[in-house]
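The values are calculated or read from the model by the stated rules, or taken from the named source; none is laboratory data. These numbers were taken from a predicted model, which means no experiment stands behind them. Cβ sites come from the backbone with ideal geometry, for glycine too, and all protein chains shown count toward neighbours. Keep in mind that these areas ignore ligands, DNA and RNA; they rest on the heavy atoms of the full protein, side chains included. Shrake-Rupley method; radii C 1.70, N 1.55, O 1.52, S 1.80 Å.
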Amino acid sequence: MNVESAETQIPAQTATDRQAAARVDVIVVGAGCGGMVAVYKFREMGLRVQGFEAGGNVGGVWYWNRYPGARVDLPSIDYSFGFSTVIEQEWTWSEEFAAQPELLAYFNFVADRLDLRRHFRFETRVNSAVWDDARALWRVTSDRGDVVEAPYCVMATGPLSVPKDPEIPGLDRFRGELHRAARWPHEPVSFAGKRVGIIGTGSTGIQIVQEVGPQAGELFVFQRTPSFTMPMRNRKLTPDYVAEVKRHYAGLRQAARNSPNGGVRPSSTRAFFSVSPEQRRGLLEDAWKQGGLSVLGTFADLLVNEEANEQVAEFVRAKIDDVVTDPVVADKLKPRGYPIFARRPCLDSSYYETFNLPNVHLVDCLTDEIVEITERGVRTRSGEIELDMLILATGYDGLTGALLAFDVVGRGGVRVNDKWKEGARSYLGLMMAGFPNLFMTTGPNGPAALANIIRISEHDVDWIAALINHMADNRLATVEPTAKAEDDWMEIVRAMAGRTLVSKAKTWYVGANVKDKPLGLTLFTGGFPKYVEYCAAAATDGYRNFVFGNAKRSAAA
Ligand code: NAP
């Protein structure tokens, strides 16, 4: 299918505009998992696609995050594309939780095998995307001087693609090696004999600490909020296991799509207080031994029942005492004051053990706050710690950062920046009123971050593709959700968010990690299948919640 047919009524625009612009059917921004699926799908539909990617190659977060110890926290089998049986059968995962080099190799394999790379311009950052209402086109410009126009634009910019420096004065003064986890050098970095500091103890920091601790001369871990982390218990996958998986991929994908988190990890319908304390203990111990996110899946109500949540939190805190030999350090490592799983639960293989090494030092920034970064290191209230290397694992401007980082201008010159002033608004996390023909994959107010990002990306692209097909079939040129549909969706998201404990921690999920960002949980917390249901309903009722325009109408507007 080519949407050119739907464009035949578009009147000629002013000559100067058209001269410089290349014309395609769909522009895709981002070559992470969402962008890769999008480019493949649209090409298979016969559309002309132009992708842009700031990085040098495909892979998104796995292209950028080359930090030591980077590893996926969902099973690799699950964290892989289900849209191509060729890929499923030809690629073989080596570990249950693959490390970044294997993940990046996977995304490169997919790009090669499906010939995706030729559709992208790499090392090219999009500067602006501006809707031309008269011509019903998105006009996208890049930092390399590209000007491309297309009736459709898909922002596959990812929920975690804008790294965030800490708001600590003096960062530019530091004379030692400065590394950002999410912009890690492509060359090997040596820690041997060096005094290394790391700021941040989220999923990223935890993975780095356990890897760098044994290698560094000294490692200083600047911890503000401790995270809950549980054993990953990673393992090599045997050929028999992989062969079995390959035989059953279709069923595994189906099971994943039907589970709240979009994955095949354990989940339960059992309420915490429905079983005896002994049984609870036994179930938690079993889950702990099993590893991964099994503890989260042991009971159904851990994200809604505060008392149940606290008891599980206490179970995990007690595990820290079992490992960390210094009781003062063990105590400082214990997360308190927020529900377990309200922050992204971390998985580790030797995080707590690392603090038993004589060269690893915990700096508790809750009691000894960082005041500045100096030429030589980090100064806390109690004094300066000299460092040869400082690593920043200080997180991201999540969910909204990528779309706010450049000019996205919709109908009537309204910018996403204006629209999201009070917090991210969208319909289904996929589209926004006032931004015709603009789509997002894993966008805010969808389930991103709470479910398997690859399953969400595939779903979102399929949904977008179906809408584009619908428009071509009906010779429609523009589409956007009604303001009411968006309002109603935001109300659903808000109401659900109010019922979950996920709102009760200061995290990137709620925007608490970025100064002046509007606070609020802009995630759909009703589970992946429910989300899919809502999206399907929005399509099957004849797209009643959308306003369509044909080319003549939009030209006259
Ligand atoms: P994060 O969870 O937002 O953690 C950032 C850390 O930096 C926090 O510990 C934060 O402390 C600290 N920090 C920020 N500013 C600070 C300051 N001025 N002083 C002291 N500490 C400061 O970021 P992340 O670890 O990069 O993880 C982000 C998300 O990426 C995760 O939630 C997960 O979804 C994803 N991720 C996944 C994997 C995986 O699959 N294995 C790995 C890495 C990341 P406060 O909490 O006190 O602000």
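Using only the Cα atoms of region 70-122, build the gyration tensor, take square roots of its eigenvalues as a ≥ b ≥ c, and label the shape rounded, prolate or oblate: rounded if a/c is under 1.5, else prolate if a/b is larger than b/c, else oblate.
Oblate is the answer for region 70-122, as a/c is 1.5 or above yet b/c matches or exceeds a/b.
Which of rounded, prolate or oblate describes region 261-377 when judged by the alpha-carbon gyration tensor and an a/c cut-off of 1.5?
Cα axes put region 261-377 in the prolate bin.
Between Asp516 and Asp322, what length comes free when the chain is fully extended (0.36 nm per residue of separation minus the Cα-Cα distance, one decimal in nm)?
65.9 nm
I need the shape label for region 487-557. Rule: rounded when a/c is under 1.5, else prolate if a/b > b/c, else oblate, with a, b, c from the alpha carbon gyration tensor.
It is oblate, given that a/c is not under 1.5 and a/b is not larger than b/c.
Once you wrap a convex hull around the alpha carbon atoms of the chain, what is its projected area averaged over all directions, in nm²?
25.6
Karplus couplings for region 404-410 from phi (6.51 cos²θ - 1.76 cosθ + 1.60, θ = phi - 60°), rounded to Hz, Gly and Pro as x?
8, 7, 9, 7, 10, 10, x
Under unit Cβ charges (Lys, Arg +1; Asp, Glu -1), what dipole magnitude, rounded to 20 debye, does region 306-435 have relative to its Cα centre?
840
Report D for region 52-204 in µm² per second (integer): Stokes-Einstein, Kirkwood Rh on Cα pairs, 37 °C, 0.692 mPa s.
This corresponds to a translational diffusion coefficient of 178 µm²/s.
How far is helix 453-473 tilted, in degrees, relative to the longest principal axis of the Cα atoms in the chain, given as a value from 0 to 90 rounded to the nearest 10?
So the helix axis and the longest Cα principal axis differ by about 10 degrees.
Note the direction-averaged projected area, equal to a quarter of the hull surface, for the Cα convex hull of region 436-544, in nm².
If you wrap the Cα atoms of region 436-544 in a convex hull and average its projections, you get 7.4 nm².
Taking the Cβ of Ala483 as the center, what net charge do the other residues with Cβ under 15 Å away carry, scoring Lys and Arg +1 and Asp and Glu -1?
-2
For Lys530 and Leu357, what does the FRET efficiency come to when R0 = 51 Å and r is the distance between their Cβ atoms, rounded to the nearest 0.05?
0.70
Order 384-390, 281-287, 44-50 from most to least packed using the mean count of other Cβ atoms within 10 Å.
384-390, 44-50, 281-287
Quick check for me: using +1 on Lys/Arg Cβ and -1 on Asp/Glu Cβ, what's the dipole size of the chain about its Cα centre, in debye to the nearest 20?
Computed about the Cα centre, the dipole is about 720 debye.
Provide the packing ranking of 74-81, 123-130, i.e. peptides ordered by the mean count of other C-beta atoms within 10 Å per residue, highest first.
74-81, 123-130
I need the calculated FRET efficiency for the pair Glu278 and Ala495, taking r as the beta carbon distance and R₀ as 30 Å, to the nearest 0.05.
That gives a FRET efficiency of 0.25.
Output the antiparallel fraction of DSSP beta bridges having both residues in the chain, as a percent to the nearest 5.
40
Mind checking the dipole of region 489-537: about its Cα centre, +1 per Lys or Arg Cβ, -1 per Asp or Glu Cβ, Debye to the nearest 20?
Value, rounded to 20: 220 debye.
How compact is region 319-423 by the rule of thumb for globular proteins, expressed as Cα Rg over 2.2 N^0.38 Å?
Ratio of Rg to 2.2 N^0.38 Å for region 319-423: 1.55.
Can you tell me which of 431-440, 259-268, 140-149 comes out highest on packing, and rank the rest after it, using the mean Cβ neighbours within 10 Å?
431-440, 259-268, 140-149
PRE reach from Lys246 (point 7 Å along Cα→Cβ): which of region 112-142 fall under 17 Å by backbone N?
What the label zone holds, given the 17 Å backbone N cut-off, is 113.
Return the sequence-ordered ³J(HN,Hα) values of region 209-220 in whole Hz as given by the Karplus equation 6.51 cos²θ - 1.76 cosθ + 1.60 applied to θ = phi - 60°, using x for Gly and Pro.
Going residue by residue, I get 4, 5, 8, 7, x, x, 9, 6, x, 9, 10, 10 Hz, with x marking Gly and Pro.
Among residues other than Ile208 whose Cβ falls under 13 Å from its Cβ, what is the net charge (Lys/Arg +1, Asp/Glu -1)?
Charge balance near Ile208 sits at +1.
Once the other residues with Cβ under 13 Å from the Cβ of Asn469 are scored (Lys, Arg +1; Asp, Glu -1), what is the net sum?
Residues near Asn469 contribute -2 overall.
Compare the Cα positions of Tyr67, Gly170, Ile77 along the charge dipole of the chain (+1 at Cβ of Lys, Arg; -1 at Cβ of Asp, Glu; about the Cα centre) and return the one farthest towards the positive end.
Value: Ile77.
Can you list the lysines whose alpha carbon sits under 16 Å from that of Lys289, skipping same-chain ones fewer than 8 residues off?
Cα-Cα hits under 16 Å: Lys319.
Any chance you could give the angle, 0 to 90 degrees and rounded to 10, that helix 528-540 forms with the longest Cα principal axis of the chain?
Computed tilt is about 10 degrees.
Accessible surface of Glu369 in the full protein assembly, 1.4 angstrom probe, to the nearest 10 Å²?
The accessible area of Glu369 comes to roughly 90 Å².
Grab the DSSP H runs of the chain that are 4 residues or longer, score each as -39,500 (n - 2.57), total them, divide by all residues and round the 222 nm result to the nearest 500 deg cm²/dmol.
Calculated from helices alone, the mean residue ellipticity at 222 nm is -9500 deg cm²/dmol.
Enter the accessible area of Lys236 (Å², nearest 10), with the probe set to 1.4 Å and all protein chains included.
Approximately 140 Å² for this residue.
Relative contact order, percent, of region 99-171 when contacts are C-alpha pairs under 8 Å separated by at least 6 residues?
16
Relative contact order of region 56-204, please, whole-number percent, based on alpha carbon pairs below 8 angstrom and at least 6 residues apart.
Rounded, it is 25 percent for region 56-204.
Using alpha-carbon pairs under 8 Å, 6+ residues apart, how would you state the relative contact order of region 160-274 in percent?
In percent, rounded to a whole number, it is 17.
Of the accessible area of the chain, with the probe set at 1.4 angstrom, what percent is carbon plus sulfur?
Using a 1.4 Å probe with all protein chains present, the chain comes out at 51 percent carbon and sulfur.
Among Thr201, Phe546, Ser350, whose Cα lies farthest out toward the positive end of the dipole of the chain, if unit charges sit on the beta carbon of Lys, Arg (+1) and Asp, Glu (-1)?
The one lying farthest along the dipole's positive direction is Phe546.
Please list, or write none, the aspartates and glutamates whose alpha carbon is within less than 18 Å of the alpha carbon of Lys484, excluding same-chain residues fewer than 8 places away.
Glu422, Asp541
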